[in-house]
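A short write-up of the structure that comes next.
The values are calculated or read from the model by the stated rules, or taken from the named source; none is laboratory data. It should be emphasised that the depicted structure is a prediction, and the values quoted were computed from it without experimental measurement. Because the Cβ atoms are built from the backbone with ideal geometry, glycine has one as well, and the counts that use them run over all protein chains shown. Each accessible area value is taken on the protein alone, full model and side chains, heavy atoms only, with ligands, DNA and RNA left out. Shrake-Rupley method; radii C 1.70, N 1.55, O 1.52, S 1.80 Å.
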Amino acid sequence: MNRQRRAVYPGTFDPITNGHLDIIHRALAVFDCVTVAVISNPAKKALLALPERMALIRRVTHGLRGVEVASFDGLLVDFLRTVRGDVVIRGLRAISDFEYEFQMALMNRRLNRHAETVFMMPDEKYTYLSSSLVKEVVRFGGQVRGLVTPPVERVLKEKFRKAVYF
């Protein structure tokens, strides 16, 4: 019996955007299983708590065969081994993403010579999209329909409605 090819798509996903979903769909066209690996990084101040991010990802990927959601902290290469992943998926929106992602891919390979990275480009309509940009737009009352799913938009609006700024 052949082992399924598993890709790991790591990120903070704070929040998951339609650009992230586009990459997940593209990865599913190539791999049997995609583990969306949500980074638990205390050094980064996330708007959404880790359980909230994971719940949103599960909600918006519900029904996508082959998608799993997990969290990790520490080194990505260790997580890759833990889930028996074959490859790391990274999305590239613009050339400016490449230098950082290239360095990370080479470091991962240095730490685990079997760690391969596949770079995927999202649909052109998402090349400018980032979680940070989405949060900024919602924070100031702008419209993000089409950039995130309706459940994500609702959660963000609720978060910012409750936020107090000084």
Quiz item: For segment 36-58, does any single residue satisfy the condition of being touching a Gly at 6+ places or on another chain (Cβ under 8 Å) and under 15 Å from Val148 (Cα atoms)?
Solution: no
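Looking at Val148, Val155, Val77, which one is touching a Leu at 6+ places or on another chain (Cβ under 6 Å), on the phi < 0 side of the Ramachandran plot, surrounded by 15 or more Cβ atoms within 10 Å (Cβ to Cβ) and modelled with pLDDT of 95 or more? I'd like the intermediate steps shown before the answer.
Values: Val148 fails: touching a Leu at 6+ places or on another chain (Cβ under 6 Å); Val155 fails: touching a Leu at 6+ places or on another chain (Cβ under 6 Å).
That would be Val77, the only listed residue that is touching a Leu at 6+ places or on another chain (Cβ under 6 Å), on the phi < 0 side of the Ramachandran plot, surrounded by 15 or more Cβ atoms within 10 Å (Cβ to Cβ) and modelled with pLDDT of 95 or more.
Any chance segment 97-117 includes a residue that's open to solvent by less than 40 Å² (accessible area, probe 1.4 Å) and closer than 23 Å to Val60 by Cα?
no
Quick check, is Val88 in contact (Cβ under 8 Å) with a residue 40 or more places away in the chain, among the β-branched types (Val, Ile, Thr) and more than 22 Å from Ala70 (Cβ to Cβ)? Full working, then the answer.
Working: in contact (Cβ under 8 Å) with a residue 40 or more places away in the chain: yes; among the β-branched types (Val, Ile, Thr): yes; more than 22 Å from Ala70 (Cβ to Cβ): no.
When the stated conditions are applied, Val88 does not pass them.
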Quiz prompt | Counted residues, segment 134-144 - those being part of a helix (DSSP H, G or I) and over 22 Å from Ile24 (Cα atoms) | solution = 4
Practice problem: Working only within segment 51-74, note down all residues that are surrounded by fewer than 16 Cβ atoms within 10 Å (Cβ to Cβ) and of a type in the set (A, V, I, L, M, F, W, C). | Solution: Ala55, Leu64, Ala70
